[in-house]
Amino acid sequence: MIGCFQGLATGDAIGKQTETLSRAEVLRWYPGGVTGFHGRAGDVIPRYVGKRYEWRIGETTDDTEQTLAVARALVSEGRASHRAIGRELLRCRKSAHPGVSLWSLLQSGDPGHVAIEGDGCGAAMRAAPIGVLFPVSRLDELVRGAYECAIPTHGGQLAISAAAAVAGAVSAALAGLRGDEVLAVAVQAAKGTMAEAIERTYSDLKRRARLVVDEVTAPLEVRTIVPLAIGLAAITESAEETALFAANLGGDADSVASIGGAIAGALAPETVNQEWFAVVSAVNREDLLEVAGALAALHYTA
């Protein structure tokens, strides 16, 4: 469980360095490619200087913040309740501005708020704790839990399916299944259009002799972000490799790296770069390990 949360947080912070950039722009900012954190921990990432939010080197984003919110809700309730999750999400402040999925919930002030639309990847990026709580043997409950996790901000079917896929992949990884088996559980949990996208992306990546960043299109929406994250984690079985691939690709790099890092960290905790995690811990000072430990206790008693 610890590896899952560490992989998510490190991937989030590594990927944030190149979020929204094209591959060409990534190389313009990082001529030698992204190899880790570039610069002194805690300093503003150069490309964010003077922006609305000056993201810092090693800082995690709303991906980690909302994941911890979901985890706290699960720990407090012992189950997945959209009202409890909504209550914790109302405390989130990163990327809280008009135009993001969290905004409507924050404006309502209602922990029981249910979104009727929204097909971004915001639900998927915070769904890992659902996979920790529910074992693969309780897949129907896991899918229902992913729904409860999504609806405070995302009511669209793609978003809900993506959240189920991520939760399923994490659950399968924690059960000790292999990468291809993890992929199969993600597909089973997602169903429909998202399941097809996950299978298609995985097949495309798997047939390659090796993964090459320049041969993959930067992901920009949920149909590509979540399938790529799951595919990278299943193939590399490495939180570090997944994070670096996503960061060097650009697009929604922090979401791909955090989702993929969570799955790969659950698959192979030893692949989390502990030097990166030390930076993340120092810069963010979040109770990530404590929350992960409390959720792990529920996993073993659920």
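Every number here is computed from the coordinates shown, using simple stated rules; none is lab data. Here the structure is a predicted model, which is why all the values come from computation and not from measurement. Positions of Cβ are generated from backbone atoms using ideal geometry, with glycine treated the same way; all protein chains shown enter the neighbour counts.
A few points about this structure:
- Those lysines that a straight Cα-Cα span of less than 21 Å connects to LYS51, excepting residues fewer than 8 apart in one chain: LYS16, LYS94
- Taking amide hydrogens as placed 1.01 Å from N in the peptide plane, the amide H of ALA115 sits under 5 Å from those of THR153, HIS154, each at least 5 positions away in sequence or on another chain.
- Compactness of region 2-301 is given as radius of gyration and Dmax, 17.1, 50 Å, from Cα positions.
- Sites count as exposed loop sites when they are trypsin sites (Lys or Arg not before Pro), lie in a DSSP loop, and have at most 14 other Cβ atoms within 10 angstrom; the longest stretch of the chain without one is 94-177.
- Distance distribution note for region 52-181: the fraction of Cα pairs above 22 angstrom is 31%.
- Relative contact order, percent, the chain [alpha-carbon distance under 8 Å, six or more residues apart]: 30
- Given charges at beta-carbon only (K, R positive; D, E negative), |dipole| of the chain in Debye: 240
- Per residue, the convex hull volume that the Cα atoms of region 115-160 enclose (Å³): 59
- Considering only GLY293, SER281, ALA169, the residue lying farthest towards the positive end of the dipole of the chain is SER281, judged by Cα position with unit charges set on Cβ.
- Pairwise Cα separations in region 1-75 fall into 5 Å bins from 0 onward with the following percentages, short to long: 3, 15, 23, 23, 17, 10, 6, 2, 1.
- Whole-percent pair-distance distribution, where bins are 10 Å wide, for the alpha carbons of region 156-296: 13, 44, 34, 9, 0
- For ARG56, nonlocal amide neighbours, meaning residues 5 or more places apart or on other chains whose placed amide H falls under 5 Å from its own, are ILE45.
- Stretching the chain fully between VAL49 and ARG144 yields a gain of 30.1 nm (0.36 nm per residue, less the alpha carbon separation).
- Of TYR202, LEU102, THR10, farthest towards positive along the dipole that unit charges on Lys, Arg, Asp, Glu beta carbons give the chain: LEU102
- Gyration tensor verdict on region 130-236 (Cα atoms; rounded if a/c is under 1.5, prolate if a/b is larger than b/c, oblate otherwise): oblate
- Lysines whose Cα lies under 29 Å from that of LYS191, excluding same-chain neighbours fewer than 8 positions away: LYS206
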